[in-house]
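Engineer: Quick one: the structure is below, questions incoming.
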Amino acid sequence: MKVAAAWQPTCDMVTLRQRAHLIQRIRQFFQERQVLEVQTPSMSYTGVTDEHLSSFVSDWQWGSRTKKLYLQTSPEFYMKRLLCAGSGCIYQLNSAFRNEESGRYHQPEFQMLEWYRIGFDMNALIEEVGALLMQVLECRAIQIITYQAIFQEVLHCDPLSASLVELKQLANSHGFADVAACEDDRDTLLQFLFSCCIEPNLGHEAPLAVCHFPASQAALAKISRHNPLVAQRFEVYIRGVELANGFEELTCADEQRSRFEADNKKRAQQQRPQVPLDHIFLAALEAGLPSCAGVALGVDRLLMLALKQDHIRDVNAFALSMDD
């Protein structure tokens, strides 16, 4: 007996038209600022070493030859190679892929807006993110607070100086004894406490940029010239939803290589597969990345916020599910 498959889209046609209108407004925003739209491949010879990200991996078969390819979690490395080649300020709307759980705000394939502004520092880019959000969401001006200040305000703890023992005690006091008992990585506990106890309360009155994340969570951001304990990194939240992640970009190839190697050591400790370093990207950094700031923004989440939808599937033509 043949079982009827559910073939209809997961969102309605009105939403698809609204999505198209949103994309049009985003493109208009960058066209007015003379930022070049680019398109880079979705596949690469390497993935990301970030211990919190997992890439989809495939084999490229060409006759008797086989080469491993990674679906990109972000177009960042390709876009920075364009910057090194002299592209000037650029943006991209593309599909990104992350091999992780799906849920209210997550799909394994999602649409990302990423852009880079030469000569911008972190504050200038936060201001531009705010301008984009005001144009597409018709919201209030973006507000700014430091990671340290919001942590102290909500949890009465200094995240830059708290010891592992103190963070475990904090997790215990907020009902996360099971996490505290098995987690011995300080940054993982910080991120857990931030996501569970702080994030849901952020950005309900206006978009909120949380800046100066701990230096240990710098990723591809520069360390602050004024305080070596923090990085020139920010995240933007609206109605408790993380919408964007931005950096004043690291330009030093040697430092970037060291961070990649440190990531792989953490992956090894977690018994996760090592990821080959992207030597092509590192060669581009050695050639010279202009001083710039860049940010990645989740378009599906932006549309959810714009349309006041509760689930990411409600703004995607065809959402993926393990149950299909």
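Engineer: Which condition number does Met79 fail, the rest of (1) within 24 Å of Ala221 (Cβ to Cβ); (2) modelled with pLDDT under 95; (3) out of contact with any helix residue (DSSP H, G or I) (no Cβ under 9 Å at 6 or more places or on another chain); (4) of a type outside the set (Phe, Trp, Tyr) being met?
Structural biologist: For Met79, the failing item is (2).
Engineer: From the list Val315, Val295, Val299, pick out the single residue that is under 16 Å from Gln107 (Cα atoms), out of contact with any Ser or Thr (no Cβ under 9 Å at 6 or more places or on another chain) and at pLDDT 95 or above. Walk me through it before giving the result.
Structural biologist: Details: Val315 fails: out of contact with any Ser or Thr (no Cβ under 9 Å at 6 or more places or on another chain); Val295 fails: under 16 Å from Gln107 (Cα atoms).
Residue meeting the stated conditions: Val299.
Engineer: Now a separate question. In this structure, is Ala244 within 22 Å of Val295 (Cα to Cα), of a type in the set (Gly, Ala, Ser) and touching a strand residue (DSSP E or B) at 6+ places or on another chain (Cβ under 8 Å)? Show your work before the answer.
Structural biologist: Values: within 22 Å of Val295 (Cα to Cα): yes; of a type in the set (Gly, Ala, Ser): yes; touching a strand residue (DSSP E or B) at 6+ places or on another chain (Cβ under 8 Å): yes.
Criteria met by Ala244.
Engineer: Could you tell me whether the range 271-287 includes any residue that is over 26 Å from Asp254 (Cα atoms) and among the β-branched types (Val, Ile, Thr)?
Structural biologist: No, the conditions are met nowhere in the range 271-287.
A quick yes/no check of all residues on (1) among the basic types (Lys, Arg); (2) farther than 28 Å from Leu303 by Cβ; (3) under 20 Å from the mean Cα position of the chain (by Cα); (4) not in a loop (DSSP other than H, G, I, E, B):
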site: Thr15; (1), (2), (3), (4): no, no, no, yes
site: Gln28; (1), (2), (3), (4): no, no, no, yes
site: Thr49; (1), (2), (3), (4): no, yes, yes, no
site: Gln61; (1), (2), (3), (4): no, yes, no, yes
site: Phe77; (1), (2), (3), (4): no, no, yes, yes
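Engineer: Let me ask another. Just the residues that are of a type in the set (Ser, Thr, Tyr) and either touching a Cys at 6+ places or on another chain (Cβ under 9 Å) or under 23 Å from Arg301 (Cα atoms) (or both), please, taken from the range 79-104. Spell out how you get there, then give the answer.
Structural biologist: Restricting attention to the range 79-104, the residues satisfying the condition of being of a type in the set (Ser, Thr, Tyr) are 87, 91, 95, 102.
Hits for the range 79-104 are Tyr91, Ser95, Ser102.
Engineer: Something else: Of all residues in the range 227-236, which are surrounded by fewer than 23 Cβ atoms within 10 Å (Cβ to Cβ) and either at pLDDT below 95 or within 17 Å of the chain's Cα centre (by Cα) (or both)?
Structural biologist: Glu235
Engineer: Residue by residue through the range 178-192, note down the ones that are surrounded by 12 or more Cβ atoms within 10 Å (Cβ to Cβ), of a type outside the set (S, T, N, Q) and in a helix (DSSP H, G or I).
Structural biologist: In the first step, residues of the range 178-192 are kept if they are surrounded by 12 or more Cβ atoms within 10 Å (Cβ to Cβ); the result is 179-180, 183, 185-192.
Checking which are of a type outside the set (S, T, N, Q) leaves us with 179-180, 183, 185-187, 189-190, 192.
Once the filter is applied, which keeps residues that are surrounded by 12 or more Cβ atoms within 10 Å (Cβ to Cβ), of a type outside the set (S, T, N, Q) and in a helix (DSSP H, G or I), the range 178-192 yields Val179, Ala180, Arg186, Asp187, Leu189, Leu190, Phe192.
Engineer: What number goes with the only condition from (1) at pLDDT 95 or above; (2) exposed (fewer than 12 other Cβ atoms within 10 Å of the Cβ); (3) part of a loop (DSSP other than H, G, I, E, B) that Thr40 does not pass?
Structural biologist: Failing condition for Thr40: (2).
Engineer: Mind checking which residues of the range 203-238 are small (Gly, Ala, Ser) and either closer than 13 Å to Gln148 by Cβ or in contact with a helix residue (DSSP H, G or I) (Cβ under 6 Å, 6 or more places away or on another chain) (or both)?
Structural biologist: Ala209, Ala215, Ser216, Ser224, Ala231
The values are calculated or read from the model by the stated rules, or taken from the named source; none is laboratory data. In this text, all values refer to a predicted model and were calculated from it rather than measured experimentally. Using ideal geometry, Cβ is built from the backbone for each residue, glycine included, and neighbour counts are taken over all protein chains shown.
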